[in-house]
1. May I ask you to list the residues of the stretch 232-251 whose amide nitrogen lies under 11 Å from a point 7 Å from Cα along the Cα→beta-carbon direction of Ala153?
2. Could you calculate the FRET efficiency of Leu60 with Glu9 from 1/(1 + (r/R0)^6), where r is the beta carbon distance between them and R0 is 35 Å, rounded to 0.05?
3. So what is the relative contact order of the stretch 134-190, in percent, for Cα pairs below 8 Å that sit 6 or more residues apart?
4. As a footprinting exposure proxy, order His89, His168, His192 by other Cβ within 10 Å, with the fewest listed first.
5. Tell me the mean residue ellipticity at 222 nm calculated for the chain from its helices only (DSSP H runs of n ≥ 4, each -39500 (n - 2.57), averaged over every residue, nearest 500).
6. Sorted by packing (mean other beta-carbon atoms within 10 Å per residue), highest first, where do 44-53, 97-106, 213-222 land?
7. Using modelled backbone amide H atoms (1.01 Å from N, in-plane), which distant-in-sequence or interchain residues come within less than 5 Å of Ser103's amide H?
8. Just want to confirm a number: the relative contact order over the chain, from Cα pairs under 8 angstrom separated by 6+ residues, in percent.
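Each reported figure results from applying straightforward, stated rules to the coordinates on display, with no laboratory input. Predicted model, so just to flag it, every value in this text is computed and none were measured. Every residue, glycine among them, receives a Cβ derived from its backbone with ideal geometry; neighbour counts consider all protein chains shown.
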Amino acid sequence: MATNWNPDEIKKVLVINGSPNRERSNTLVVTKAFLAGLNEDEKLDIEIVNASDLNVRPCLGCLSCWGRTAGECVIRNDDILPLKEKILHADIIIASYPLYFFSMPGVMKVITDRLLSMMATYEGQKAPENGQSFHGFRYYNEKQRFIVISTCAYTEAKAAYQSLILQHDAICGKNNYTPILVPQMKTLNDLHNENKITRYLNKFTLAGKTFRQQGYLSSEELENLSKPPFTEGAYKIFLNNFWESERNKGK
Ligand SMILES: Cc1cc2nc3c(=O)[nH]c(=O)nc-3n(C[C@H](O)[C@H](O)[C@H](O)COP(=O)(O)O)c2cc1C
């Protein structure tokens with residue numbers, strides 16, 4: 001158990017849902033299964049924010065948040081300021097989003113850029129190596145936890161998420177966040193085999209329970225969460241059938 005972790009002190013969980021599918025997000029299905037375990041005692045205050053519903057302008061690149069207005073963005077009339085407040089006051093922050101082009105969806109990147117004010121100022125450090133954060137957090141709080149839950153279409157989560165992991169290692173530091181990376185999830189949901197879905201999701205609920213107790217998941221636990229629901233052969237057949245039926249709908 002992490003020494004600074006007390007499950008009873010955890011009060012607030014913020015979920016940023018970065019899928020344009022909003023409530024219909026396949027990733028959110030996994031996130032909700034995880035939340036069910038995390039909040040088994042039903043004592044947590046959980047807020048889900050849909051990134052696509054926010055009014056967030058792209059970063060202006062002025063770097064004022066590191067200089068003239070240190071710690072604050074000059075754009076004050078959109079939804080970043082309230083989001084930043086929510087982030088600062090959450091004990092656990094979960095970014096829940098699909099993998100897009102081996103990275104985060106655009107809306108999440110725009111939000112990430114606008115949160116530069118939360119990072120410590122760059123002062124000429126060497127580029128990060130060995131999983132260090134590129135320059136650390138302005139408001140570092142050792143009790144706060146950051147979790148990324150993402151689903152993708154590929155079967156091999158390790159390969160598909162390589163660039164996203166590198167990016168998050170550089171932003172957060174390798175051991176400062178928990179990546180829960182899930183392949184084939186959309187197809188699993190599309191098949192509507194409720195028994196199989198429930199069985200598959202159960203491991204995420206258990207992981208949520210474990211996370212609440214420990215404040216982290218081991219690399220073995222994370223690897224187990226990345227196992228695909230289907231064999232490669234079955235998955236190819238499901239996908240071919242799916243696209244054929246979708247194309248037929250277009251005729
Ligand atoms: C624009 C776009 C890009 C995508 N890029 C990838 C990708 O690089 N790798 C991958 O495995 N899946 C990719 N996918 C598939 C989604 O990650 C996958 O279907 C995901 O489970 C959808 O999650 P959601 O329902 O929460 O939005 C992409 C989907 C879209 C729409």
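1. Residues 239-240, 243 qualify, since their backbone N sits under 11 Å from the label point.
2. In this case the efficiency is close to 0.40.
3. 52 percent
4. With the sparsest Cβ surroundings first, the list reads His192, His89, His168.
5. Working: 9 runs with 99 residues, N = 251.
Only helices count here, giving -12000 deg cm²/dmol.
6. Going from most to least packed, we get 97-106, 44-53, 213-222.
7. Amide H to amide H, under 5 Å and 5 or more residues apart or across chains, Ser103 pairs with nothing.
8. 25 percent
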